[in-house]
1. So how much accessible area does PHE31 have, in Å² to the nearest 10, using a 1.4 Å probe?
2. Could you give the C-alpha radius of gyration of region 46-96 expressed as a fraction of 2.2 N^0.38 Å, taking N as the number of residues it contains?
3. Show ARG27, ARG61, ARG83 ordered by accessible area, largest first, where the area counts protein heavy atoms only and the probe is 1.4 Å.
4. Extension gain ARG63-SER103, at 0.36 nm per residue separation less the Cα-Cα distance, in nm?
5. Amide H of MET98: which non-local residues (sequence gap of 5 or more, or other chain) have their own amide H closer than 5 Å, using H built in the peptide plane?
6. How much FRET efficiency would the formula 1/(1 + (r/R0)^6) give for ASN75 and ARG20, where r is the Cβ-Cβ distance and R0 is 35 Å, rounded to 0.05?
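The values are calculated or read from the model by the stated rules, or taken from the named source; none is laboratory data. Owing to the predicted nature of the structure, the values given are computational and were not obtained by experimental measurement. As a convention, Cβ positions derive from the backbone with ideal geometry for all residues, glycine included, and neighbour counts pool all protein chains shown. We work out accessible area using only protein heavy atoms, side chains counted, and drop any ligands, DNA or RNA first. Shrake-Rupley method; radii C 1.70, N 1.55, O 1.52, S 1.80 Å.
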Amino acid sequence: MTGPSSEPVPGQVRPGAALRERLGEVRGWIFDMDGTLVLGDRVNHGLAPLPGAAEMLTWMRGRGVPYVVFTNGTNRTPAHFARVLRAAGLDVPDEQMMTPASSAARSCWRGGGSSG
Ligand SMILES: [Mg+2]
(Lines give C-alpha, C1' and ligand atoms only; values in the text may rest on other atoms or scores of the structure.)
Protein backbone atom coordinates (compact mmCIF):
# COMPACT_ATOMS: atom_id res chain seq x y z
CA MET A 1 0.00 0.00 0.00
CA THR A 2 2.53 2.49 -1.06
CA GLY A 3 1.75 5.66 -2.91
CA PRO A 4 2.86 6.45 -6.44
CA SER A 5 6.41 6.91 -5.23
CA SER A 6 8.33 4.45 -3.12
CA GLU A 7 8.46 6.89 -0.22
CA PRO A 8 8.12 5.02 3.06
CA VAL A 9 4.81 5.55 4.83
CA PRO A 10 5.18 6.41 8.53
CA GLY A 11 4.37 3.35 10.60
CA GLN A 12 4.36 1.05 7.58
CA VAL A 13 6.02 -2.30 8.07
CA ARG A 14 8.21 -3.19 5.12
CA PRO A 15 8.64 -6.94 4.94
CA GLY A 16 11.99 -8.40 4.05
CA ALA A 17 12.60 -10.30 0.82
CA ALA A 18 11.90 -13.74 2.32
CA LEU A 19 8.58 -12.61 3.76
CA ARG A 20 7.62 -10.84 0.53
CA GLU A 21 8.25 -14.08 -1.36
CA ARG A 22 6.07 -16.06 1.05
CA LEU A 23 3.33 -13.43 0.91
CA GLY A 24 3.42 -13.63 -2.87
CA GLU A 25 2.33 -17.27 -2.62
CA VAL A 26 -0.76 -16.48 -0.55
CA ARG A 27 -3.95 -17.19 -2.47
CA GLY A 28 -6.35 -15.45 -0.09
CA TRP A 29 -6.68 -13.83 3.30
CA ILE A 30 -8.84 -14.40 6.36
CA PHE A 31 -9.11 -11.40 8.66
CA ASP A 32 -10.32 -11.54 12.20
CA MET A 33 -12.98 -8.88 12.64
CA ASP A 34 -12.66 -7.37 16.10
CA GLY A 35 -9.26 -6.04 16.99
CA THR A 36 -7.94 -6.48 13.47
CA LEU A 37 -10.25 -4.52 11.20
CA VAL A 38 -12.45 -2.78 13.79
CA LEU A 39 -12.71 -2.12 17.49
CA GLY A 40 -16.02 -2.28 19.30
CA ASP A 41 -17.60 -3.04 22.62
CA ARG A 42 -18.56 -6.51 23.79
CA VAL A 43 -21.68 -6.61 21.63
CA ASN A 44 -20.10 -4.96 18.58
CA HIS A 45 -21.88 -1.68 19.03
CA GLY A 46 -20.11 1.44 17.94
CA LEU A 47 -17.58 -0.37 15.81
CA ALA A 48 -14.80 1.89 14.64
CA PRO A 49 -12.49 0.90 11.80
CA LEU A 50 -8.85 0.63 12.73
CA PRO A 51 -6.49 2.93 10.84
CA GLY A 52 -5.83 1.69 7.33
CA ALA A 53 -8.40 -1.13 7.43
CA ALA A 54 -10.84 0.42 4.94
CA GLU A 55 -8.05 1.46 2.60
CA MET A 56 -6.51 -2.01 2.76
CA LEU A 57 -9.76 -3.78 1.83
CA THR A 58 -10.38 -1.30 -0.99
CA TRP A 59 -6.84 -1.90 -2.24
CA MET A 60 -7.33 -5.68 -2.11
CA ARG A 61 -10.67 -5.58 -3.92
CA GLY A 62 -9.23 -3.33 -6.61
CA ARG A 63 -6.51 -5.91 -7.26
CA GLY A 64 -8.72 -8.95 -7.02
CA VAL A 65 -7.00 -10.26 -3.89
CA PRO A 66 -9.44 -12.70 -2.23
CA TYR A 67 -10.36 -12.09 1.39
CA VAL A 68 -12.99 -13.01 3.94
CA VAL A 69 -13.65 -11.66 7.41
CA PHE A 70 -14.20 -13.99 10.33
CA THR A 71 -15.75 -13.38 13.72
CA ASN A 72 -16.32 -15.76 16.58
CA GLY A 73 -19.66 -14.05 17.21
CA THR A 74 -22.43 -16.60 17.12
CA ASN A 75 -25.43 -14.46 17.99
CA ARG A 76 -25.93 -12.95 14.52
CA THR A 77 -25.80 -13.96 10.90
CA PRO A 78 -22.87 -13.26 8.59
CA ALA A 79 -25.10 -10.81 6.69
CA HIS A 80 -25.70 -8.88 9.90
CA PHE A 81 -22.00 -8.60 10.68
CA ALA A 82 -21.23 -7.63 7.07
CA ARG A 83 -23.88 -4.88 7.23
CA VAL A 84 -22.34 -3.56 10.45
CA LEU A 85 -18.89 -3.54 8.88
CA ARG A 86 -20.16 -1.75 5.77
CA ALA A 87 -21.82 0.84 8.01
CA ALA A 88 -18.40 1.35 9.59
CA GLY A 89 -16.96 1.98 6.12
CA LEU A 90 -15.43 -1.40 5.34
CA ASP A 91 -15.95 -3.17 2.01
CA VAL A 92 -17.28 -6.53 3.20
CA PRO A 93 -19.98 -8.17 1.06
CA ASP A 94 -22.31 -10.60 2.85
CA GLU A 95 -20.72 -13.59 1.12
CA GLN A 96 -17.26 -12.63 2.42
CA MET A 97 -18.30 -12.67 6.08
CA MET A 98 -17.89 -15.88 8.09
CA THR A 99 -18.98 -17.02 11.54
CA PRO A 100 -18.44 -20.37 13.28
CA ALA A 101 -21.96 -21.40 12.26
CA SER A 102 -21.52 -20.43 8.61
CA SER A 103 -18.14 -22.17 8.51
CA ALA A 104 -19.64 -25.35 9.95
CA ALA A 105 -22.49 -25.20 7.46
CA ARG A 106 -20.09 -24.80 4.54
CA SER A 107 -17.98 -27.67 5.80
CA CYS A 108 -21.00 -29.96 6.08
CA TRP A 109 -22.26 -28.85 2.66
CA ARG A 110 -18.93 -29.80 1.14
CA GLY A 111 -18.89 -33.13 2.92
CA GLY A 112 -16.17 -32.15 5.35
CA GLY A 113 -15.75 -33.49 8.83
CA SER A 114 -15.18 -36.94 10.17
CA SER A 115 -17.36 -39.83 9.14
CA GLY A 116 -16.25 -41.83 12.20
MG1 LIG B 1 -10.24 -10.41 17.53
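1. 30 Å²
2. Working: Rg = 10.9 Å, N = 51, 2.2 N^0.38 = 9.8 Å.
That works out to 1.11 for region 46-96.
3. Working: ARG27 215, ARG61 100, ARG83 130 Å².
Descending accessible area places them as ARG27, ARG83, ARG61.
4. On the way: separation 40, 0.36 × 40 = 14.40 nm, distance 2.55 nm.
Answer, rounded to one decimal: 11.9 nm.
5. Distant-sequence amide H within range of MET98: VAL69, PHE70, THR71.
6. Values: r = 39 Å, r/R0 = 1.12.
The calculated FRET efficiency here is 0.35.
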